[in-house]
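These notes concern the structure reproduced below.
The values are calculated or read from the model by the stated rules, or taken from the named source; none is laboratory data. Every value quoted in this text rests on a predicted model; they were computed, and no experiment measured them. FYI the Cβ positions are ideal-geometry reconstructions off the backbone, even for glycines, and counts take in every protein chain you see.
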Amino acid sequence: MVAPSSPAASATPQPTLQTLFACWQRFFLDHYDHEVSGQELLSAIAAATHAHKAALLIYDHEQHVLQRVATVGCDDEANPQRTRLALGEGLCGWVAQQRQPLLLPFDSSVPAHLQRIISQEGISSAICLPLEVAGQLCGVLSLTRLGSVPPFSNEARWFATLIAERQALALQSIRLRGELERSESFINRILESIPVSLIVIDQRLQIVAANQNFLTKSRRAQQQTVGKPIAAVLPPVFIAFTRLEERLRSVFASGQPFEGDKLSYRAPGLAAHTYYYRLVPLKRERLVEHVLLLMEDITEREQLSEEVRRVERHLASVIDCASDLVISLSPDGRIVTWNRAAERVSGLREDQVQDEMLVNLCAIDQRRTLTNLLKRLIDGESVAETEINLLTADPWSEVPVAWNCSAMHDDYGRLVAIVAVGRDLTERRRLEAQIIQSAKIASLGVMAGGIAHELRNPLAIISASAQLIEEHSNNPELQQQATRRIIASAERASLIIEHLLRFAHPPQERYRLVDTNEVLDDVLTMMDHQLVSAQIDLHCELSPELPLIYGNPELLAQVFTNMILNACNAMTQGGKLSISTSTQGEHVVVRFCDTGTGIPREHLSKIFDPFFTTRAVGQGTGLGLSISYSIVRQHHGTIEVQSELGRGTSFEIMLPVHEA
């Protein structure tokens, strides 16, 4: 008589091959739906193997954790904190980390921390298997029995292993399909975001895909486009004009892309659009499977380009019609454009000067000035108007030009060009010469009394000495003294006349090396009697080691004369005039300081304006200081004034030293 089985044992019978096969057939042989619920599958497996508890976990490759997707008989199924397991955590975490199955009670090498878990949960038998494909972890399948029940049979372990292998393949397939779908979605989003019409054409010249840009531009639906031959979708005029079918076959055959051209097309009821098209092969193992037809709508770009060209033509027309010279230079100073005014003034055509250095077309003695000016522009400095003579087609001729130069930068602040605008000063110089000559005549009128006195004195001496010679013909010693006085007085009169002629002579255009002290001496010789008669005490401190300057002595003499006359007019009751020369850096400095009435503060800003004068009507033209300012500017110098009412005025003239 056989003893009856224990209640626990009878409650958990061993699965039969028939029940296991039925489960296998249900899910894997008859059909297998990748979308089948993991819970449904796990419940069937647990029932077939008579497991008390079961769990199916998938591996999250991004978070590197196990995600529980289905459970059977677990007490913490509703606990969201237990739905994720770290690698190494619990039985399933250990199996996933070690990548090896755990079969209880047959495995003897179970770590101590797992033995504690087995004891705490009352596990008597377990099948815990990693789900792997080609060495890549997909998840874990866990089946456990509790209490005093027989362990899982060999058939159950075999069945679980088959299930694990098959489920691993299923999970891998699902994961790969998900990645493929995400990739396709990503690519589709990219294609839809591209502002270009795009269609994919197969070897039968049928459209297999089209992005939304193309569908919108062509006013077609997806179902009216995909699967259709290109002849049924694209306008016949487009296909004929581009010889599209011929070129598509060529790309399929050669595997080389085809760069198209611009094409204007007006769809019925729409405005004309300009497209740029090209064909790009899509290869697979060197075989062209599809060709991309890209059609970029460049209508707006073409319109902008035409607008830019229109503006450029307008600007070029304005520049060509300008009366001023307008020259554009590259950053290194080479001529890029040369307008008609520049051609007219210089006599040189644009093709003769293009790519030439502008410096080489300027007066030799002023090239260093222009070089320094361009360097300052390149360094980001602003520059003032500069007068530099321009060479002409006539090798013996130069044209005075006042240049205003500015730098052009791109959006990134990089220097891209230099624009030089020049004004021909020829007519202005002619008028200034006339004004200067008139001013000289006016100055001579002021100095006439003094000059007459200067000449009367030596003439009186000559006359008296001649009478002595005539009256004392028998006194050789007296005759000799009288002769010496006649010669000295004649030389004095000759010197005065020479200075007078030099001052009154129209200024020459040619500049040369000039000794500033020498020019001052000549002026003071002429102005000596004027200063004495005005009761002005003259103090001169001329530096003996003054460097030479490059200038026009006649023009500088006019400036110094104007300064002295201006001081005389300010000291009607007499006073003191101090004149000094010195060197300050790269400049010669000439100062005129008087003790006259001074200039009101509100008049200082206007003192160099033409026709401005503080004297009574009829007593001054207001051109003296204006002319002086212009002459100093011509010499690339500066003139500044400081004055205090009732205490006098000081003029400081700075002229650049000649650079050898």
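Out of the residues in region 128-155 meeting the condition of being in a strand (DSSP E or B) and of a type in the set (Gly, Ala, Ser), tell me which one is surrounded by the most Cβ atoms within 10 Å (Cβ to Cβ).
Gly139
Just checking, how many residues over region 513-538 are among the hydrophobic types (A, V, I, L, M, F, W, C) and closer than 11 Å to Ile549 by Cβ?
Residues in region 513-538 being among the hydrophobic types (A, V, I, L, M, F, W, C) and closer than 11 Å to Ile549 by Cβ: 3 in total.
Pairs needed: first member in region 506-524, modelled with pLDDT of 85 or more; second member anywhere, basic (Lys, Arg); C-beta distance under 6 Å; at least 6 residues apart or different chains.
Once the first residue is modelled with pLDDT of 85 or more and sits in region 506-524, no partner that is basic (Lys, Arg) comes close enough.
Kindly establish whether His64 is at pLDDT below 90, within 60 Å of the chain's Cα centre (by Cα), within 19 Å of Glu165 (Cα to Cα) and surrounded by fewer than 20 Cβ atoms within 10 Å (Cβ to Cβ).
Considered against the rule, which asks whether it is at pLDDT below 90, within 60 Å of the chain's Cα centre (by Cα), within 19 Å of Glu165 (Cα to Cα) and surrounded by fewer than 20 Cβ atoms within 10 Å (Cβ to Cβ), His64 comes out as no.
Please work out which residue is nearest to Lys262 (Cα to Cα), limiting yourself to region 190-217 and to residues that are free of Cβ contacts under 8 Å to residues at least 24 places away in the same chain and surrounded by 15 or more Cβ atoms within 10 Å (Cβ to Cβ).
Among those residues, the one meeting the criterion is Asn213.
Please find, within region 632-660, the residue that is surrounded by the fewest Cβ atoms within 10 Å (Cβ to Cβ) out of those that are small (Gly, Ala, Ser) and more than 19 Å from Thr595 (Cα to Cα).
Checked region 632-660; the qualifying residue surrounded by the fewest Cβ atoms within 10 Å (Cβ to Cβ) is Ala660.
Is it the case that Arg278 is in the same structural domain as Leu234 (by TED's automatic domain parsing) and either at pLDDT 80 or above or over 34 Å from the mean Cα position of the chain (by Cα) (or both)?
Spelling it out, Arg278 is indeed in the same structural domain as Leu234 (by TED's automatic domain parsing) and either at pLDDT 80 or above or over 34 Å from the mean Cα position of the chain (by Cα) (or both).
State yes or no: is Phe159 out of contact with any His (no Cβ under 7 Å at 6 or more places or on another chain), of a type outside the set (Val, Ile, Thr) and surrounded by 12 or more Cβ atoms within 10 Å (Cβ to Cβ)?
Judged against the criteria, Phe159 is a match.
List the strands (runs of 3 or more DSSP E) that sit entirely inside region 507-554 and contain at least 3 residues that are in contact with a Phe, Trp or Tyr (Cβ under 9 Å, 6 or more places away or on another chain).
Ranges flagged: 512-514.
Taking the stated definitions as given, is Ile298 under 28 Å from the mean Cα position of the chain (by Cα) and closer than 30 Å to Lys217 by Cβ?
Here the answer is yes, as Ile298 does meet what is asked.
Are there any pairs with C-beta distances below 7 angstrom linking a residue in region 630-658 that is within 11 Å of Val590 (Cβ to Cβ) to a residue that is of a type in the set (Gly, Ala, Ser), with the two at least 6 apart or on different chains, and if so which?
Partner pairs satisfying both residue conditions: Ile639/Ser628; Ile653/Gly637; Met654/Gly637; Leu655/Gly551; Leu655/Gly637.
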